[in-house]
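Below is one structure; the comments refer to it alone.
The values are calculated or read from the model by the stated rules, or taken from the named source; none is laboratory data. Just so it is clear, the structure is predicted and the values come from calculations on it, not from any experiment. We place every Cβ from the backbone using ideal geometry, glycine too, and count neighbours over all the protein chains shown. What goes into the accessible areas is simple: the full protein's heavy atoms, side chains included, and nothing from ligands, DNA or RNA. Shrake-Rupley method; radii C 1.70, N 1.55, O 1.52, S 1.80 Å.
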Amino acid sequence: MIRVLLADDHPVVRQGLAAMLGSEPDLEVVGEASNGPQAEALAATLRPDIVLMDLRMPGGGGAESTGRMTAAGLPCRVIVLTTYESDGDILRAVEAGAAGYLLKDVSPAELVGAIRAAARGETVLAPSVAARLVDRLRTRTEQPRLSERETSVLRLVAEGCTNAEIGRRLFIGESTVKTHLLRAFTKLGVADRTAAVTSAMRHGLL
């Protein structure tokens, strides 16, 4: 018997899932939670095999709770079941330790199959989610390319120069320095000067 905990802030969704899963001979719904912290508490006491976790819930999100359950060493495997499929949502859930990521338009048969697969130790992903992850990983492994001027600007940032000092040394305006920095940030996938220098060094660009 595979013991399942449901975590969703909509009672109708929980009731529908409970009725559907309860009709399967090898699945048992052992508890319901309306937010992440409740799911964590119930997972610790009920020790389910699978937690079906909504991603965004008032009072505590699914990715954060998944991370805490993983860190606590709970034996349950979390399958995110959500309507959201942005890259950020997917990455947060997977990095937190989720064993699966499914969308709520999944068919009952596919959901039941995914629960059984996750209980066997497999990873279950909606096709669109799997494609996004592959694209994201491919992008991460590509070597970023900076222009000669962007490299010059970052090299001076590494020396501790301000934007004004960089502009004077390269004979360009401060606004142009900012433009080159923003372009470098985008190419390197970072949000600040320090991270840009670190990333550029790691890629051998400085």
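Find the helices (runs of 4 or more DSSP H) located wholly in region 162-206 whose residues include 3 or more that are over 25 Å from residue 143 (Cβ atoms) and either modelled with pLDDT under 90 or open to solvent by 40 Å² or more (accessible area, probe 1.4 Å) (or both), and list them.
Working: elements: 163-170, 174-188, 193-202.
Hits in region 162-206: 163-170, 174-188.
Counting the residues of region 87-124 that are open to solvent by 60 Å² or more (accessible area, probe 1.4 Å), modelled with pLDDT of 95 or more and not in a loop (DSSP other than H, G, I, E, B) gives 4.
Considering 75, 48, 37, 108, which residue is free of Cβ contacts under 8 Å to residues at least 60 places away in the same chain and within 15 Å of residue 21 (Cα to Cα)? Show your work before the answer.
Values: 75 fails: within 15 Å of residue 21 (Cα to Cα); 37 fails: within 15 Å of residue 21 (Cα to Cα); 108 fails: free of Cβ contacts under 8 Å to residues at least 60 places away in the same chain.
Result: 48 is the single residue among 75, 48, 37, 108 that is free of Cβ contacts under 8 Å to residues at least 60 places away in the same chain and within 15 Å of residue 21 (Cα to Cα).
Being open to solvent by 70 Å² or more (accessible area, probe 1.4 Å) and either within 26 Å of the chain's Cα centre (by Cα) or under 9 Å from residue 4 (Cβ atoms) (or both) is the filter here, so list the residues in region 18-34 that pass it. Scanning region 18-34 gives 28, 32.
The set of residues in region 48-67 that are buried (at least 19 other Cβ atoms within 10 Å of the Cβ), of a type outside the set (A, V, I, L, M, F, W, C) and over 14 Å from the mean Cα position of the chain (by Cα) comprises 48, 60. Does residue 131 fit the bill of being part of a helix (DSSP H, G or I), modelled with pLDDT of 90 or more and not basic (Lys, Arg)? Answer is no for this residue.
Against the definition (more than 18 Å from residue 193 (Cα to Cα) and touching a residue at least 24 places away in the same chain (Cβ under 8 Å)), how does residue 144 come out, yes or no? Spelling it out, it is not the case that residue 144 is more than 18 Å from residue 193 (Cα to Cα) and touching a residue at least 24 places away in the same chain (Cβ under 8 Å).
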